[in-house]
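Here's the structure we're looking at; comments come further down.
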Amino acid sequence: MATISSRLKADIRFQDGLKACMNCGVCTAICPAAAYFDYDPREICQDVQSGDESILIGLLKGEQIWMCGQCLSCKTRCPRDNTPGYIIQVLRKISQEMGYFVHSRLGRQQLLLKRAIGHSILETGYCVHPKLIRPETHREQGPVWEWVMDNAKEVYEKCGSLYYEEGLGGMRKIDSDTLDEMHAIFQETGAFNLFDKIEQASEAKAAEMGLSFSDDDDNEYLREIQL
Amino acid sequence: MTKQKVAIIGAGPAGLQSAVSLAELGYEVDLYEKKSRPGGHLAEWHVLFPDMQPAGELLDSLMQKVLAHPQIRLETGVNISGLEQAGKSWQLIQSDSVRGEADAVVLASGFKLFEASKKEEYGHGIYPAVISSAELETIFIREKEWPFEKTNKSPKIGLVHCVGSRDAKCGNLYCSKACCITAVKQAIELKKTFPASEVYCFYMDMRMFGLGYEELYHKAQLDYKVQFIRGRLSEASPSGAGRIQVKAEDTLMGRPLKLTLDMLVLMVGMTASVSPEVKENTVELKEYANKGEFVKIPGAVIGAAQWLKPGLFVAGACKGPATLPEVLNDARATALDLRNYLSGVL
Amino acid sequence: MAQLNWKSYQKEIPDDHFFYVRSCIRQTFFPGAETALLYVLREVLKKDVFEDKRHTTCTGIGFHSDVIPLETIMTVVARQLALMTEAGYKNLLVSCVTSFGIYLEILEMWKHFPEKLAQTREALWKATRREFEVPALLTHSSDAIFHFKEQILNKSQISLVNAESGQALKGVEHVGCHYAKIFPQDGIGGAEFPRVLSGLIEGWGGELIDYPERRHCCGFGFRHYLVRANRSYSISNSKIKFESMAPFEPEFILTNCPGCNMFLDRWQYTLSEMEGKTYDSRGLGIPVLSSEEMAGLMVGMDPWKLGLQMHQIAVEPLLDKMGVNYAPKAKYHLASSAVPLPQKPSVLLV
């Protein structure tokens, strides 16, 4: 697995995602990330199509690949049946595997996602659940959400939810055997390897930046990458 | 000695020219046309690129020769659906009965235009302001109404290249060759009609392969200020009051763009019309719907006779996207090959 | 690669016997919507909808945040399918649109790369001793509502018509990106003119309004909301949609993706605070409802058991127009004694 090119080609999403790009631009035309960032999925495809390792390393270390919002609107329109969004997924994977993601501000955010979403899945069996969306850090959720969280159990139960109780229903407390199975799946399929890589590269970066780093919710590095 | 007879299927430019060339060579010609009038697509066009020659002039000159020649018998409203070989002669089948016989046949069935509504994201057939290039020609020749306010003398108009062509999502990977130059021609015509308009061509490449084409492109920019944006149109949406919002990327500038237009013209590509299924003694002439498989000459070699089997010749755009000069020359050359076949030389 | 006209996107939707998997986001923000779906299907339409309490997230959000590897999500999905197989079901009914897209993609990948399917079977066996079959049909909850829309209308005293004036209510749709953009042939009506929500609006008597940015993503962007620093991406893309639909004065927005529903609801509030304006003429915002919530209203569910009080944008104007029978004062009532009401936003009227 020497070259980035060969790593790319080994992933089925890349095989499906990049056939031959003719630079038409229909992807960039409707891309929400291109509307917001100085980002161009067509240019990413051109860079990847070049096969040039130094360009590829630049992509893996750069900000660009973290701008895609994974909407996959690009897949619908491409007249050559490419999918820039899939190419991005594989670039992000390789960037993390090779530790390059810590070179970019947006890439460093992977630690936040691993600790929020990754941990949530293992601890609760959900990617996202109500207690994760704290009103104080999510003011955009509005005053009604604050009210909901102040009265959560009753509100949820009124709507037929179990709100973290055991049983059959919405937002149930998922049983520990199931969580063990999830754990085993993560182990078997390499998720923990990815998690470890994210942590290790982040820790090394924190040291390089002279910032404290720990498993806790609060440390200098975490605060830095939140910005 | 009775003159030998040739049957021609299709009275578009290729069929009309084939008829004239073959009659001049001394053959009796039965010219069959499925529509109620001859001329094919040529009858629906306004002016021809690159010199803006009125299409009607060319059609009239072909028709005059056809009608004047006593050896050419033109029948319209006849749809030949198949051919049967009996020895060396060919029978032409219409609805399961024999319509005629000939010593040789020329298939000149032409092309269909890509059905623009199949490129759903452009909204043809849903938004009145989105029309095809063919519909634009009709507006010009029949002086039909424009799909925007009469009082609007400075409409913003977009022309979209490659509609139904170079497109895996439409099932047609090929380039339809003549759409780029047609877009340039139509852009100039629109500017002539509405001098205060803004006209944008959304292209991937400018395929200006013919003599006079690149010059016309230059003229479109220099004299008519047509704007050329290198970016394939991604979508058209209704913007209110009948206007259209379009999205493309200006790929040369590397940024997405959005425009609101009064009219959008889709340059629809040529697609196959008739597909011959060649069997031992019969040929079935099926009609396609939007698929891109033009008539393939078996073992095609540059300069060789264009036939599916000895005696069944093929001329014109039914073999693939082509321009009028190419089609007319192809018809003439095929007539000569046919003559050589019938006189035993080929 | 086939050339399909939108009317020819026919999707097979089963009539009965569904295995239901829930949505992380819908369970979190719109618990009543899932309750409504089950009520409509089971109680009103007498369908068999099975749920296994051992099912989990599909991990789609983690996958699209690039912290969950492809092989992991394939195996988690396989575990869900194993539960479905164990219960003897062949029709998967999916609440979340991201999840729906994930199941479609993975099934497609397994078809084109059978070695991945073999790998997944092995991984699932090693990790859990479970085995699975692929589903016969994949249905999103909005597909089911679309499929049964006539029956739902027949059981309803109300519709998308102004009960007083008799005028059709004007609605816009917002279809989640992962519903049809990935595989247009797996969405009703395809990707350009999806029918799954527009069919409900028109089928239930409403007037469908198109707008230029209808197909634009709401801007969830996964990492662009889950990482708080990135939220401006998300709000900006929703803003593009609001600016686009506002001139057409829609009376409601209909969604099928729970994330989209949450964003289109919340970002109207946030934008009102930031910019001092709303996207309707009365300062109330445009109510955003999912197909389940709309269906729940149609069959007479109490809006406050449907969870509509959990929306930030007030739904009462819409309820009043539809002629829904409800108790406005009971909106924030809970079983316990009187609780303080939510604070009022500074711009948005509630």
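Readers should treat all values here as calculations from the given coordinates under stated rules, not as data from a laboratory. What you see is a predicted model, and the numbers here were worked out from it, not measured in a lab. All Cβ positions, glycine included, derive from the backbone under ideal geometry; neighbour counts span all protein chains shown.
Most fluctuating residue of B:295, B:160, B:98 in a GNM of chain B with Cα springs under 10 Å: which is it?
Checking each option, the largest mean-square fluctuation is seen for B:98.
For chain B, modelled as a GNM with alpha-carbon contacts under 10 angstrom, which of B:66, B:301, B:283 fluctuates the most?
Of the options given, B:301 has the highest mean-square fluctuation.
Quick one: Karplus J couplings for the stretch A:50-65, per residue in order, coefficients 6.51, -1.76, 1.60, θ = phi - 60°, nearest Hz, x for Gly and Pro?
Karplus-based 3J(HN,Hα) across the stretch A:50-65 equals 5, x, 6, 4, 6, 5, 5, 4, x, 5, 5, 8, x, 7, 3, 5 Hz.
Can you grab the distance from the C-alpha centre of the stretch B:141-191 to the C-alpha centre of the stretch A:61-133, Å, no decimals?
Value for the Cα centre distance between the two parts: 40 Å.
So for chain C: antiparallel DSSP bridges make up what percent, rounded to the nearest 5?
Here the antiparallel bridges make up roughly 5 percent for chain C.
With unit charges on the beta carbon (Lys/Arg positive, Asp/Glu negative), name the residue among A:176, A:111, A:21 whose Cα is farthest towards the positive pole of the charge dipole of chain A.
The Cα lying farthest towards the positive end belongs to A:21.
Between the DSSP loop rule and a limit of at most 13 other Cβ atoms within 10 Å, which trypsin sites (Lys or Arg not before Pro) in the stretch B:142-228 are left?
B:144, B:150, B:153, B:225
Dipole of chain C, Cα-centred, from +1 at each Lys and Arg C-beta and -1 at each Asp and Glu C-beta, to the nearest 20 debye?
Result for chain C is approximately 720 debye, rounded to the nearest 20.
Report for the protein assembly as shown the percent antiparallel among DSSP-assigned beta bridges with both residues inside it, nearest 5.
Numbers: 39 of 93 bridges.
Percentage antiparallel, nearest 5: 40.
Take every residue in peptide A:167-175, count the Cβ atoms of other chains within 10 Å of its Cβ, and give the average of those counts. Walk me through the numbers on the way to the answer.
Details: counts 1, 4, 8, 14, 7, 6, 1, 5, 2.
Average neighbour count from other chains, rounded to a whole number: 5.
Distance from the Cα centre of the stretch C:93-111 to that of the stretch B:302-319, in angstrom?
What the calculation gives is 49 Å, centre to centre.
To the nearest Å, what is the center-to-center distance of the stretch A:155-205 and the stretch C:258-313, using C-alpha atoms only?
Cα centroid of the stretch A:155-205 versus Cα centroid of the stretch C:258-313: 29 Å apart.
Hey, got the average number of other protein chain Cβ atoms within 10 angstrom for residues in B:241-251? Write down the numbers at each step before the final one.
Details: counts 1, 0, 1, 1, 4, 2, 12, 6, 14, 3, 9.
Per residue, the average neighbour count from other chains is 5.
For the stretch B:318-333, in order, what is each residue's ³J(HN,Hα) by Karplus, 6.51 cos²θ - 1.76 cosθ + 1.60 with θ = phi - 60°, in whole Hz (x at glycine and Pro)?
5, 8, x, x, 8, 9, 4, x, 5, 5, 5, 5, 4, 4, 4, 5
If amide H atoms are built 1.01 Å from N in the plane of the peptide, which residues on other chains or at least 5 residues away come under 5 Å of the amide H of residue C:176?
Residues meeting the criterion, in which the H sits 1.01 Å from N, are C:256, C:257.
Whole-Hz Karplus ³J(HN,Hα) for the stretch C:334-350, in order, using 6.51 cos²θ - 1.76 cosθ + 1.60 and θ = phi - 60°, x for Gly and Pro?
10, 4, 6, 5, 3, 10, x, 6, x, 5, 8, x, 7, 10, 5, 7, 10
Restricting to Cα pairs below 8 Å that are 6+ residues apart, what does the relative contact order work out to for the stretch B:229-281? Please round to a whole percent.
26 percent
For chain B, build the charge dipole from Cβ charges (+1 Lys, Arg; -1 Asp, Glu) around the Cα centre, then report which of B:168, B:316, B:228 sits farthest towards its positive end.
Most positive-ward Cα: B:228.
Say we join alpha carbon atoms closer than 10 Å with springs in a Gaussian network model of chain C; which of C:245, C:109, C:274 then has the biggest fluctuation?
Comparing C:245, C:109, C:274 in the GNM, the peak value goes to C:274.
Magnitude of the Cβ-charge dipole of the protein assembly as shown, K/R +1 and D/E -1, about the Cα centre, nearest 20 debye?
Working: 102 positive and 114 negative charges, 234 e Å.
My answer is approximately 1120 debye.
I need to check one value: relative contact order of the stretch C:50-182, counting alpha carbon pairs closer than 8 Å and at least 6 residues apart, in percent.
Relative contact order comes out at 29 percent.
Quick one: dipole size for the stretch B:116-268, taken about the Cα centre, charges +1 on Lys/Arg Cβ and -1 on Asp/Glu Cβ, in debye to the nearest 20.
On the way: 22 positive and 18 negative charges, 20 e Å.
That gives a dipole near 100 debye.
Along the charge dipole of the stretch C:14-141, Cβ charges K/R +1 and D/E -1, which of C:28, C:70, C:109 sits furthest on the positive end?
Checking the options against the dipole of the stretch C:14-141, the answer is C:28.
Need one value for C:134-145: mean number of C-beta atoms belonging to other chains within 10 Å of its residues' C-beta atoms.
Mean shielding count: 0.
Rounded to the nearest 500 deg cm²/dmol, what is the calculated helix-only ellipticity per residue at 222 nm for chain C, with -39500 (n - 2.57) per DSSP H run of length n ≥ 4?
Taken over chain C, the calculation gives -12000 deg cm²/dmol.
Taking Cα pairs under 8 Å and at least six residues apart, what relative contact order does the stretch A:52-153 come out at, in percent?
Details: 65 pairs, mean separation 21.7, N = 102.
21 percent.
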